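Q: Got a structure for you, written out below as structure tokens; questions coming shortly.
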């Protein structure tokens, strides 16, 4: 696979990692706001925390994959020059 194609995939994964990190931040804000409302059921906080955790873990995994693909693209580029 050409280095440019690998770099393109790495960028997409990086953007996805950023999107998931932003999602986790928005969920944290929502959880903070909802804690001031007595009408919110207790299970809602557990569910929000589960989703926040999933977003954070997935974001880290995608960021790691993106970095590894960038490194691989650099190695491919150096090997072909």
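Q: How many Å³ per residue does the convex hull of the Cα positions in the range 1-41 occupy?
A: Working: hull volume 1.8 nm³, N = 41.
In the range 1-41, the Cα convex hull volume per residue is 44 Å³.
Q: How much length is gained on full extension from residue 78 to residue 16, taking 0.36 nm per residue of separation minus their Cα-Cα distance? Mind showing how you got there, number by number?
A: Values: separation 62, 0.36 × 62 = 22.32 nm, distance 2.68 nm.
Taking residue 78 through residue 16 to full extension adds about 19.6 nm, to one decimal.
Q: While we're on this one: Would you calculate, for the chain, the mean residue ellipticity at 222 nm contributed by helices, counting each DSSP H stretch of 4 or more residues as -39,500 (n - 2.57) and dividing by all residues, to the nearest 500? Could the numbers behind the result be given before it?
A: Values: 2 runs with 71 residues, N = 81.
Calculated from helices alone, the mean residue ellipticity at 222 nm is -32000 deg cm²/dmol.
Q: Please work out which option in [x] 18.2, 64; [y] 14.6, 49; [z] 11.6, 33 gives Rg and Dmax of the Cα atoms in Å calculated from these coordinates, and answer with its label.
A: Only one option fits the structure, namely [x].
Q: I've got another one for you. Could you identify which residue out of 40, 60, 17 has the top mean-square fluctuation in a GNM of the chain using Cα springs shorter than 10 Å?
A: 40
Q: Over the range 3-80, what relative contact order in percent results from Cα pairs under 8 Å that are six or more residues apart? Mind dumping the intermediate values first?
A: Numbers: 63 pairs, mean separation 45.5, N = 78.
Computed over the range 3-80, the figure is 58 percent.
Q: Right, another one. Between residue 68 and residue 29, 0.36 nm times their residue separation minus their Cα-Cα distance comes to what?
A: Details: separation 39, 0.36 × 39 = 14.04 nm, distance 3.12 nm.
Gain on extension, residue 68 to residue 29, equals 10.9 nm.
Quick note: the coordinates plus some simple rules give every number you see, no bench work behind them. The structure displayed is predicted, hence computed values, not measured ones.
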